[in-house]
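Contents: one structure, followed by commentary.
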Amino acid sequence: MSLDSRWRRGALVAGTVIPVAVALTAGPGMAGNYRGPGGLLPDNPRGHVALNAEDGDSGGGGGETQKILARAQEYAAVRTAPAASVSSEAFSAAYRQARALKQSGRSWQEVTNLPYRNDARNYRDPFWSNSSAGWREVTGRITGLATDGPRTVYAAAAGGGVWKSTDKGAHWKPIFDQQEKLSIGAVAVDPSDHSVWVGTGEANTNADAFNGAGIYRSGDGGKSFQLVGNRLNQYLVYRLTFDGRGHVYAATSRGLIKHRTLGLIGNWRTLLKPDPNPTHSPYRTSFITDVKVRPGTGGRVVLAALGWRGGTLPEDTQYNGFYLSTDSGAHFSRLTLRGDLAGATDVGRTTFSWSNDGSKLYAVVESSETVTLKAAYRSSNGDPAGPWTLIADEETLVKAGSALAKSGGDPGSQAWYNQDIKVDPRDSSHVYLDLEEVFETSNSGAKWSTIGPYWNFPLDCWDFDPTKNVCPPTTHPDQHAIAISADGTGYFGNDGGVYSRATNLRNVVRWNNLNVTMDTLQYYDAGIGKVAGGDAIWGGLQDNGVSLLLPGKNSMVSPFGGDGGDVIVDPNNGNKSVQEYVFLNMASTTNGGRSDSSTRSFRTISPSCFNVEFTPAPCDPNPRFIAPFEADQKNINHWVAGGQYIWDNQGRGWATDCSTTTCTWKKTHDLGDGAQTTALGVNRHVTYAGWCGNGCNPGRESVGLPFVSGIDTNYGGRWHRVSAPKLPNRMPTDFYVDPANAAHVYVTYGAFSRRWIPGGGVGHVFESTNGGGTWRDVSGNLPDAPTNAVAMWHGKLVVGTDVGVFVRQGSGTWARLGGGLPNTQTLDLVVSPNRSYLLAATHGRGMWKIAG
């Protein structure tokens with residue numbers, strides 16, 4: 001979480017298919033509040049003003065602020081603008097285009113297939129590091145878990161496909177890498193035949209969640225998968241549940257659907273979609289957040305929750321509630337709840353768990369009014385109507401020893417994003433509750449304990465001196481999934497991977513870390529620099545800080561915590577780097593981030609008004625969540641950064657400074673109110689700045705703010721706006737400026753063409769040879785997909801997209817570069833210092849390289 005998670009985890013985005021909010025916060029983010037030089041810092045660490053649920057509220061319902069909403073669509077807008085949404089058929093078509101291209105070059109090799117140690121002993125910057133938090137090895141976000149017998153476990157990753165272990169999580173292997181979509185919302189095993197079912201499309205309603213491409217089944221343990229029924233465009237999947245009568249239910253963002261478990265043909269049948277949604281609002285697509293079949297009823301009793309997490313208008317949540325069928329899903333009725341849920345009008349996202357015999361029912365409910373935890377409840381007779389008894393709310397969990405609360409946070413503040421609840425199959429009084437942390441009760445909710453603290457920093461067992469830190473390891477924060485195997489092992493998935501514990505453990509913090517052989521890391525950016533023995537590879541990650549891979553080491557380390565963003569690395573000295581937290585919060589190091597926890601290795605150098613350590617004057621009021629900054633092609637000490645303003649460090653390199661009294665960044669250009677820099681290219685005195693305007697959020701035409709974008713440059717000696725009708729009105733994502741000629745530049749664009757998006761124009765890669773005066777579309781046969789990165793390698797143009805990496809073969813011809821790269825988004829491309837290999841940073845399957 002850190003830096004008040006409410007900045008990041010705003011409204012639903014569903015990646016590309018349905019960035020359902022008109023505006024959304026950027027990624028589900030950072031891992032917790034930070035320690036400062038004086039010790040643990042509170043909810044708004046490093047002195048920044050927290051954006052609470054009331055700040056900036058424009059009167060919309062749900063308590064969601066316009067600031068939160070405005071941050072959330074940034075990741076999605078790159079894939080949809082100028083529209084607010086795009087059909088997933090666009091991705092399917094792009095995937096087919098990519099597969100049809102010939103392959104050029106060797107095979108890709110995975111770089112980040114080493115353990116990633118968050119708690120590395122020598123990387124404990126007292127301000128910027130999360131080392132000693134207790135998370136140990138970490139990987140990317142896990143959204144679902146399923147078990148098959150005592151030893152087999154399946155893990156669903158947000159952007160990294162499905163992983164399988166046959167030894168209780170000690171070793172993992174990916175089994176879904178080449179499918180059309182690696183964004184996963186749910187995984188389940190049908191107990192009748194042990195088939196594996198995968199629901200694509202992450203349903204956590206966070207900004208970097210992606211839509212799916214349907215539901216798949218494997219009858220051979222994951223060796224092969226087949227699409228079940230129709231493709232389910234624009235669906236996100238919360239849960240897959242079997243009724244024991246040959247049917248599977250899927251709780252999705254577009255209603256409750258059902259299919260036969262045998263026979264994969266035939267469309268899915270919609271059973272429950274209460275909201276008629278006459279205005280076609282993306283908020284009101286009947287988000288069914290869970291479905292469960294009551295044990296002992298022969299599949300007749302089916303319970304579902306409609307729980308859109310909140311909205312800007314009362315009608316957005318008017319159909320929320322619990323729905324029950326007593327005839328195997330043929331008919332559903334909305335329940336009138338009794339007990340402590342009687343009369344509730346703010347029932348948002350909800351998850352259920354029945355005891356093994358169906359005699360007790362538990363639920364965790366998010367409030368659609370506050371988008372935080374409403375409470376956890378118990379129906380002691382198993383009746384979904386109740387009477388319901390409140391068994392845990394924020395106050396209960398604070399008293400249960402929440403480490404988040406001790407850090408100044410609120411337990412359940414992200415119940416819209418992370419929640420699950422699970423009853424022990426062997427003990428109906430033993431229940432796990434997933435929120436930011438893991439909580440446990442052994443007496444049906446009479447008393448709770450925190451068994452998975454958010455982190456160890458505020459606990460009495462933790463000490464700033466690592467030799468005195470006696471805290472047991474804990475789980476990474478932000479929980480999403482629980483599964484319990486036949487041998488009584490509980491598995492827990494979160495933003496840092498998978499952890500396990502025996503269910504016979506009670507009220508103690510004791511965890512097995514299962515992340516050593518899993519690589520689902522979600523990179524935004526990367527950089528490479530020479531060090532003794534080879535190259536140092538840095539990368540900024542969603543919720544897992546900044547990773548550093550050094551030559552000859554058997555693991556990666558994390559010198560920099562929270563969310564990692566953009567990166568600069570001196571190619572001739574890999575110990576010198578600049579890292580971004582979020583919102584242009586930059587910090588530089590010259591010693592590779594090494595610290596014994598007593599001295600700082602990173603120095604904050606940010607000109608952002610959202611600076612986490614101080615407020616410089618002047619400062620940038622409107623940087624993006626992951627804001628761009630770039631080093632000069634010809635001078636590694638010359639940096640340019642962009643928010644609403646373009647900033648130049650005046651060639652000071654690692655002597656760049658910024659504080660409350662002085663700041664060596666010079667403001668050189670103003671893009672205008674409501675504008676944000678999306679990409680930069682720099683060659684000596686020439687800068688190209690891609691931007692979006694009118695708040696950068698598509699879908700605001702009704703209030704007179706249509707999406708706009710463009711390029712500004714100072715080529716020719718003064719700043720001006722490029723006038724180029726051929727360039728599309730989509731998000732500029734990256735530049736490559738010819739080091740030998742600053743007038744020669746390439747730019748890439750996100751989203752899709754006008755075939756899929758009205759007003760989207762045509763083309764994804766454009767070239768100018770006169771400083772942006774005129775542009776030529778060089779996209780050729782490149783797949784029509786969001787294009788995120790561009791590089792020049794061995795004289796050939798290479799681009800990274802949401803459907804692969806491609807190399808230009810001729811004037812209009814592109815080929816797939818290399819083989820074996822998992823089919824996930826490539827967000828950055830970096831050429832190694834000696835140009836011997838190209839590095840691809842993906843958002844879900846780590847980093848890969850190809851030799852040339």
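Given +1 on the Cβ of Lys and Arg, -1 on the Cβ of Asp and Glu, and no further charges, what dipole in debye does the chain carry about its Cα centre, rounded to the nearest 20?
Dipole size: approximately 1880 debye.
Between HIS171 and SER192, take the C-beta separation as r, use R0 = 25 Å, and let me know the FRET efficiency to the nearest 0.05.
Efficiency computed from Cβ-Cβ geometry: 0.35.
Amide H neighbours of LYS360 under 5 Å, counting only residues 5+ apart in sequence or on other chains, H built in-plane at 1.01 Å?
SER355
Which whole-Hz couplings ³J(HN,Hα) result when phi for each residue of the range 184-198 is put into the Karplus expression 6.51 cos²θ - 1.76 cosθ + 1.60, θ = phi - 60°, listed in order with x for Gly and Pro?
Karplus values, whole Hz, x for Gly and Pro: 10, x, 7, 9, 8, 10, 6, x, 6, 9, 6, 6, 9, 10, 10.
Roughly what % of DSSP beta bridges within the chain run antiparallel, to the nearest 5?
About 95 percent, rounded to the nearest 5.
Add +1 for every Lys or Arg and -1 for every Asp or Glu among the other residues with Cβ under 11 Å from the Cβ of GLY329, and state the total.
+2
Restricting everything to alpha-carbon atoms, can you work out Rg to Rh for the chain with a Kirkwood hydrodynamic radius?
0.95
Once you put a point 7 Å from the Cα of THR389 and another 7 Å from the Cα of ASP487, both along the Cβ direction, what distance in nm separates them?
In this crude label model, THR389 to ASP487 measures out at 3.5 nm.
Please list, in chain and number order, the residues 5+ apart from TYR454 or on another chain whose amide H is under 5 Å from its amide H, with Hs placed from the backbone.
Under 5 Å from the amide H of TYR454: ALA403, LEU404.
Tell me, what ³J(HN,Hα) does each residue in the range 127-138 have, in order and in whole Hz, if you take phi through Karplus 6.51 cos²θ - 1.76 cosθ + 1.60 with θ = phi - 60° and put x for Gly and Pro?
Each residue's phi maps through the Karplus curve to give 10, 9, 9, 9, 4, 5, 5, x, 8, 6, 6, 10 Hz.
What number comes out for accessible area per residue over the range 380-456 if the probe is 1.4 Å? Units Å², please.
27
Between LEU264 and SER442, what length comes free when the chain is fully extended (0.36 nm per residue of separation minus the Cα-Cα distance, one decimal in nm)?
Full-extension gain reported as 59.9 nm.
What is the extension gain from LYS796 to THR813, computed as 0.36 nm multiplied by their sequence separation minus the C-alpha to C-alpha distance, in nm to one decimal?
5.0 nm
Net charge around GLN809, counting only other residues with Cβ within less than 14 Å of its Cβ (Lys, Arg = +1; Asp, Glu = -1)?
+4
As a test of the formula, what do you get for the chain when each DSSP H run with n ≥ 4 contributes -39,500 (n - 2.57) and the sum is divided by the residue count, at 222 nm and rounded to the nearest 500 deg cm²/dmol?
Only helices count here, giving -1000 deg cm²/dmol.
Which FRET efficiency value, to the nearest 0.05, is calculated for LEU335 and ARG510 with the Förster distance at 41 angstrom and r the Cβ-Cβ distance?
Taking R0 as 41 Å, the efficiency between LEU335 and ARG510 is 0.60.
List every residue whose amide H lies under 5 Å from the amide H of THR787, counting only residues 5 or more places away in sequence or on a different chain, with H placed 1.01 Å from N in the peptide plane.
So THR787 has HN proximity to TYR749, GLY750, ALA751.
What is the local net charge at ASN507, summed over the other residues whose Cβ is closer than 15 Å to its Cβ (Lys, Arg +1; Asp, Glu -1)?
Computed value for this residue: +1.
Restricting to bridges with both residues inside the range 324-410, how much of the DSSP beta-bridge set is antiparallel, in percent to the nearest 5?
95
Please compare each pair in LYS223/LYS292; LYS102/LYS164; LYS553/LYS634; LYS576/LYS666; LYS406/LYS447; LYS181/LYS223 to a cut-off of 26 Å on the Cα-Cα distance and tell me which ones are over it.
Checking Cα-Cα distances, LYS223/LYS292; LYS102/LYS164; LYS553/LYS634 exceed 26 Å.
Which one, ASN834, GLY795, VAL86, projects farthest toward the positive side of the charge dipole computed for the chain from Cβ point charges (K/R +1, D/E -1)?
Comparing the listed Cα positions along the dipole, GLY795 ranks first.
Enumerate the calculated ³J(HN,Hα) couplings along the range 425-435 in order (Karplus 6.51 cos²θ - 1.76 cosθ + 1.60, θ = phi - 60°), each rounded to whole Hz, writing x wherever the residue is Gly or Pro.
The phi angles translate into x, 9, 8, 6, 8, 9, 9, 9, 10, 9, 9 Hz.
To the nearest 20 debye, what charge dipole does the range 571-634 have about its Cα centre, counting +1 at the Cβ of each Lys and Arg and -1 at the Cβ of each Asp and Glu?
160
Which of GLY408, PRO453, VAL431 sits farthest toward the positive end of the charge dipole of the range 404-466, with +1 on the Cβ of Lys and Arg and -1 on the Cβ of Asp and Glu?
Positive-end residue among those listed: VAL431.
Can you give the charge dipole size of the range 379-458 about its Cα centre, rounded to the nearest 20 debye, using +1 on the beta carbon of Lys and Arg and -1 on the beta carbon of Asp and Glu?
So the magnitude is around 200 debye.
Can you tell me the length gained on complete extension of the stretch SER359 to CYS461, counting 0.36 nm per residue apart and subtracting the Cα distance?
32.8 nm
May I ask you to derive the relative contact order of the range 741-825, considering only C-alpha pairs under 8 Å and at least 6 residues apart, and to give it as an integer percent?
Computed value for the range 741-825: 22 percent relative contact order.
The values are calculated or read from the model by the stated rules, or taken from the named source; none is laboratory data. These figures come from a predicted structure and were not determined experimentally. When we count neighbours, we look across all protein chains shown, and the Cβ atoms used for this are built from the backbone with ideal geometry, even at glycine. Protein only, heavy atoms only, side chains kept; ligands, DNA and RNA dropped before computing areas. Shrake-Rupley method; radii C 1.70, N 1.55, O 1.52, S 1.80 Å.
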